[in-house]
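Can you read through this structure? Questions will come right after.
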Amino acid sequence: MRAPHPFVYKRAMMALAQPGAGLGYGLAAFLGALQGVAEFLPISSSGHLSLVEAWLGVDAEAAGHTFNIVVHAGTLLAVLTVYRRELLDLARGLVDPEAVPWARSLLATMVVGSLPLALVLIPAVEELIVRMEGEVRWIGGALLLTAALLGFTHRRTEQVPVDEPTQPPSLGRALLIGFAQLLAVAPGVSRSGSTIAAALALGMGRARAARFSFMLSIPAVAAATAKEALGLLTSDAPPSFEPGPFALGFALSFLVGLASLSLLLKLIERVGLLPFVPYLALIGGIAIALG
């Protein structure tokens, strides 16, 4: 297990963990809230969780790994809650296309946009992702890449069109946005940041880009969470599970995720993604310098 890093108030943060256990209530609350913030704001939840686990010495192969699945399930529930009306309309439109004309088009674009993620199943790609999860400098570089992507996109799309948020993109645009989502399998690359930036660069309006980004995240996050959970359940070593801290982490990731997603949707329409660039550059630089 990686030794705790001497940075970020090491002693105070380590005090949140219970001696001899993977997680205490304090650390579970901190990581759950962090997931709720970072999953939707374009700052990379996987990158932040990996950095915190590396710097605090949390065992990512035991309680830390299992806990990540739990808090990702919490933020998945948050996006399902926020977009519950769209999902109900989607289901209704599949049964009655005249009632919701855009439903089948949206489903088609979500399927096409999810296709690039199949590349993750290639063993070499999967091995590379696993190696990056524990490499702080790699994660720092990915955070800097996200900052550059958001900054570049903002400069190129300062005058964005105002279009119909419910209108799905074309299949070609959906595929390109799907490849942008593929970048986010690397810890430190923001899924929401990369997909929204790609959608904006392809000429979509801010509200429309954000809506499609988070609708596209539903099958991606659900599949990844299910895959990780299945891997833990079928492994030789039984997964570590602490009901109290895990329930707290799930609840906070869900509640904070609701607030973060609502904030981001308002922020995107007003100012775009530029406010997150300095923060990403700072954290990425620190990770590279102290990794």
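The values are calculated or read from the model by the stated rules, or taken from the named source; none is laboratory data. Predicted model, so just to flag it, every value in this text is computed and none were measured. Glycine gets a Cβ as well: all are built from the backbone with ideal geometry, and neighbour counts include every protein chain shown.
Would you be able to tell me the number of residues in the stretch 128-160 that are among the small types (Gly, Ala, Ser) and farther than 12 Å from Ile288 by Cα?
Summing the residues that are among the small types (Gly, Ala, Ser) and farther than 12 Å from Ile288 by Cα in the stretch 128-160 gives 4.
Out of Val120, Val130, I need the residue that is exposed (fewer than 13 other Cβ atoms within 10 Å of the Cβ), within 30 Å of Ile286 (Cα to Cα) and within 19 Å of the chain's Cα centre (by Cα). Which one?
Every option except Val130 fails the conditions.
Condition first: farther than 25 Å from Leu90 by Cβ and without any contact (Cβ under 8 Å) to a residue 40 or more places away in the chain. Now tell me which residues in the stretch 105-124 satisfy that.
Leu121, Ile122, Pro123, Ala124 - these are the residues of the stretch 105-124 that are farther than 25 Å from Leu90 by Cβ and without any contact (Cβ under 8 Å) to a residue 40 or more places away in the chain.
OK, next. Residues Arg131, Arg104, Arg156: which one is at pLDDT below 90, over 23 Å from Pro42 (Cβ atoms) and not aromatic (Phe, Trp, Tyr)?
That would be Arg131, the only listed residue that is at pLDDT below 90, over 23 Å from Pro42 (Cβ atoms) and not aromatic (Phe, Trp, Tyr).
Find the residue count for the stretch 240-284, including only residues that are farther than 20 Å from Ser217 by Cβ and not in a helix (DSSP H, G or I).
Total satisfying the criteria: 3.
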